[in-house]
Amino acid sequence: MSSSSRYHGASITLHWLMLVLLAAVYCLMEFRDIYPRGSEPRELMKTWHYMLGLSVFALVIVRLGLRAILKAPPVSPAPPAWQTGLSHAVHAALYLLMIGMPLGGWLLLSAEGATIPFFGVELPPLVAPSETLAETIEEIHETGSKIGYGLIAIHTIAGLVHHYIFRDDTLSRMSPFGSRKHS
């Protein structure tokens with residue numbers, strides 16, 4: 001597989017790094033309940049959730065910049081137009097998630113009057129404290145996390161279906177392991 005039929009190395013690295021970050025962000029919140037409320041380990045997990053979530057936000061901006069500069073390699077063989085349309089829709093939804101969820105978290109912490117930690121720096125609040133606003137944002141944030149599970153599953157399943165059933169190069173274009181033939 002030639003380099004023109006694969007994503008740029010920076011795009012590939014960011015894709016897989018963001019997968020790891022998203023997995024960590026989700027795990028930190030899903031598993032925080034193993035510790036009692038207010039305990040130091042639980043608070044540490046929440047802090048890391050915030051910081052890694054904001055890292056996703058920072059990296060998605062870089063990723064969008066790369067997408068604007070670097071052309072995506074074509075899928076070979078070319079999929080039907082409906083598949084390309086669905087792919088674009090899911091990718092757009094994933095980008096909205098990777099932008100909206102961290103911003104939502106930042107807004108939530110701001111509305112709660114909490115500090116917004118980011119690796120030793122305290123970020124400024126985006127809104128004034130408001131219990132009503134915090135409750136609304138929290139509901140939206142929790143709904144967004146559930147939608148995120150679905151989008152990530154769709155994205156993953158689609159890549160595997162393209163690789164193993166349609167037998168095109170959709171997955172291998174983004175593989176971190178270089179050129180790989182499907183068998």
- Qualifying residues in the stretch 17-44 (those that are surrounded by fewer than 13 Cβ atoms within 10 Å (Cβ to Cβ) and within 10 Å of the chain's Cα centre (by Cα)) - the one farthest from Ser76 (Cα to Cα): Ala23
- Task: Considering only the stretch 127-166, state which residues are β-branched (Val, Ile, Thr) and assigned to a helix (DSSP H, G or I).
- Result: Thr132, Thr136, Ile137, Ile140, Thr143, Ile147, Ile152, Ile154, Thr156, Ile157, Val161
- Message: Every residue in the stretch 85-124 that is free of Cβ contacts under 8 Å to residues at least 40 places away in the same chain, closer than 20 Å to Ala24 by Cα and surrounded by 13 or more Cβ atoms within 10 Å (Cβ to Cβ), please.
- Response: Tyr95, Leu96, Leu108
- Query: How many of the residues in the stretch 85-109 are over 30 Å from Tyr164 (Cα atoms), within 10 Å of the chain's Cα centre (by Cα) and among the hydrophobic types (A, V, I, L, M, F, W, C)?
  - Reply: 2
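Give the residues of the stretch 125-139 that are within 23 Å of the chain's Cα centre (by Cα) and either surrounded by fewer than 15 Cβ atoms within 10 Å (Cβ to Cβ) or basic (Lys, Arg) (or both), sorted by residue number. Spell out the reasoning first.
Quick first cut of the stretch 125-139, residues within 23 Å of the chain's Cα centre (by Cα) only: 125-126, 134, 136-139.
The answer is Leu126, Thr136, Glu139.
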- Task: Test each condition in (1) surrounded by 12 or more Cβ atoms within 10 Å (Cβ to Cβ); (2) free of Cβ contacts under 8 Å to residues at least 24 places away in the same chain; (3) among the hydrophobic types (A, V, I, L, M, F, W, C); (4) within 27 Å of Ile165 (Cβ to Cβ) for Trp82 and report the one that comes out false.
- Result: (1)
- Message: Taking the conditions exactly as written (in contact (Cβ under 8 Å) with a residue 12 or more places away in the chain, acidic (Asp, Glu) and more than 30 Å from Ser5 (Cα to Cα)), does Glu135 satisfy them or not?
- Response: no
- Query: Does Ser55 satisfy being surrounded by 12 or more Cβ atoms within 10 Å (Cβ to Cβ), of a type in the set (Gly, Ala, Ser) and touching a residue at least 24 places away in the same chain (Cβ under 8 Å)?
  - Reply: yes
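Quick note: the coordinates plus some simple rules give every number you see, no bench work behind them. Only a predicted model underlies this, so the values are computations on that prediction, with no experimental measurement involved. Methodologically, a virtual Cβ is constructed for each residue, glycine included, from the backbone with ideal geometry; neighbour enumeration extends over all protein chains shown.
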